[in-house]
1. Along each principal axis of its Cα atoms, how long is chain B end to end? Whole angstroms, biggest number first, please.
2. Taking the simple approach of a point 7 Å from Cα along Cα-to-Cβ for both B:ALA152 and B:THR8, what is their distance in nm?
3. Taking all protein chains together and a probe of 1.4 Å, list A:LEU39, A:LEU13 from the most accessible to the least accessible.
4. In square angstrom, rounded to the nearest 10, how much accessible surface does A:SER32 have for a 1.4 Å probe?
5. Picking from A:PRO14, B:ALA117, B:GLY33, whose Cα lies most toward the positive end of the charge dipole for the protein assembly as shown (charges on Cβ: Lys, Arg +1; Asp, Glu -1)?
6. Once the principal axes of the Cα atoms of the protein assembly as shown are found, what is the range along each, listed largest first in whole angstroms?
7. Considering only the label points, 7 Å along Cα→Cβ from Cα, what distances in nm to one decimal separate B:GLN179 from the same position in each other copy, shortest first?
8. Nearest 100 Å², what total accessible surface is buried between chain A and chain B (probe 1.4 Å)?
Number of protein chains: 2
Amino acid sequence: MKNEMTVTALQRLPVYINYLKSLDEDVKYISSGAIARALGMGEVLVRKDLAFTSQGRTRVGYMRGELISALEKRLGCNDVKNAAIVGAGGLGSALLAYGGFVNYGINIVAAYDNDAAKIGTQIAGKPVCGMDDLQKSLEENNVTLAVLCVPAKYAQQVADKLLSCGIKAILNFAPVLLQVPQGAVVRNIDVAANLAVLRSLM
Amino acid sequence: MKNEMTVTALQRLPVYINYLKSLDEDVKYISSGAIARALGMGEVLVRKDLAFTSQGRTRVGYMRGELISALEKRLGCNDVKNAAIVGAGGLGSALLAYGGFVNYGINIVAAYDNDAAKIGTQIAGKPVCGMDDLQKSLEENNVTLAVLCVPAKYAQQVADKLLSCGIKAILNFAPVLLQVPQGAVVRNIDVAANLAVLRSLM
């Protein structure tokens with residue numbers, strides 16, 4: 001069933017996980033209807049999403065703990081992966097200090113930057129490495145996932161370098177449409193664009 | 001036509017704008033087909049989205065400059081709004097220093113924090129204000145839009161306070177499902193969840 005889940009559906013899994021984890025400890029069972037109401041979503045959609053991971057029981061619903069585990073497994077959280085932050089400026093530094101990645105089985109092992117003043121230092125306990133000898137360093141750190149936090153004008157060239165050095169997937173914060181070869185995966189977070197969409201909904 | 005555009009379609013407008021702006025200056029005209037191919041999207045979808053804002057010309061396509069203006073207008077970029085960053089930690093500070101909001105007609109005027117050591121200082125030239133007397137301060141700064149960068153455990157209570165003090169829309173970085181009254185608008189950016197989804201697509 002793995003390949004039947006769309007990206008849009010995958011994106012909803014963290015929302016379910018966060019909601020289920022936020023409930024009081026004494027909530028042992030929950031129905032798809034209750035989840036749908038709490039999240040303001042359609043029940044059919046929720047039931048369909050959850051059917052990819054778990055089997056609910058008639059009248060009882062899902063065992064909450066089991067459902068969280070199943071959703072986390074479906075999202076790949078058990079397959080721990082190392083990631084690097086590329087660009088150790090303000091945003092990169094903030095992400096290095098953020099503890100939430102570990103909840104999804106993602107281990108931020110290092111930052112990369114080309115600022116000589118930063119290379120060799122640590123930010124939030126993580127080493128800042130240089131961009132020379134990148135392939136060797138990424139291999140040593142066993143990193144295949146990168147979070148791109150460099151200024152927009154450098155984003156494409158840094159992405160090219162990362163992909164040529166073994167990175168397979170990039171979370172891109174630069175407001176730039178990255179051109180990447182087939183097989184590479186990119187997701188974009190454009191903070192300003194998100195704020196603009198929000199403003200247009202006011 | 002304004003209300004016919006879905007949130008999903010609105011989210012695509014910044015993607016078109018960024019792409020159109022990235023083209024060489026001598027590209028004066030562009031077709032919906034060319035945009036669709038460059039962005040890896042379906043042409044029907046692109047044509048439908050653009051039809052909300054502009055009229056293409058047969059065989060010639062869209063005048064690029066006019067199309068950018070029309071898309072920006074549709075997204076509300078001409079209606080400049082003041083916004084505040086709430087929580088002046090690592091992420092908040094990084095966003096205060098980010099210059100990209102102005103491209104969408106969003107003016108970050110101040111940060112708010114409850115850390116006495118930060119209140120009264122400036123970050124990236126923007127004042128850090130306290131959370132006391134919040135309503136008066138937001139009114140003085142004419143802020144109705146907030147970017148929430150506080151730790152997850154405080155997100156709901158800070159959101160409640162913001163909404164009670166006149167904020168109408170929140171861009172929320174905390175991995176928490178905010179409960180907000182009808183009429184308030186929330187968008188969520190969960191960075192760790194985005195990275196988890198990316199990893200599951202590798």
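1. 61, 39, 33
2. 2.8 nm
3. So the residues, ranked largest to smallest area, are A:LEU39, A:LEU13.
4. Per-residue accessible area (A:SER32): approximately 10 Å².
5. B:GLY33
6. The principal-axis extents, from largest down, are 63, 55, 49 Å.
7. 5.1
8. Accessible area lost upon association: around 4400 Å².
The values are calculated or read from the model by the stated rules, or taken from the named source; none is laboratory data. Quick caveat: nothing in here was measured; it's all calculated off a predicted structure. So basically every Cβ, Gly included, is an ideal-geometry build from the backbone, and we count neighbours across all protein chains shown. Keep in mind that these areas ignore ligands, DNA and RNA; they rest on the heavy atoms of the full protein, side chains included. Shrake-Rupley method; radii C 1.70, N 1.55, O 1.52, S 1.80 Å.
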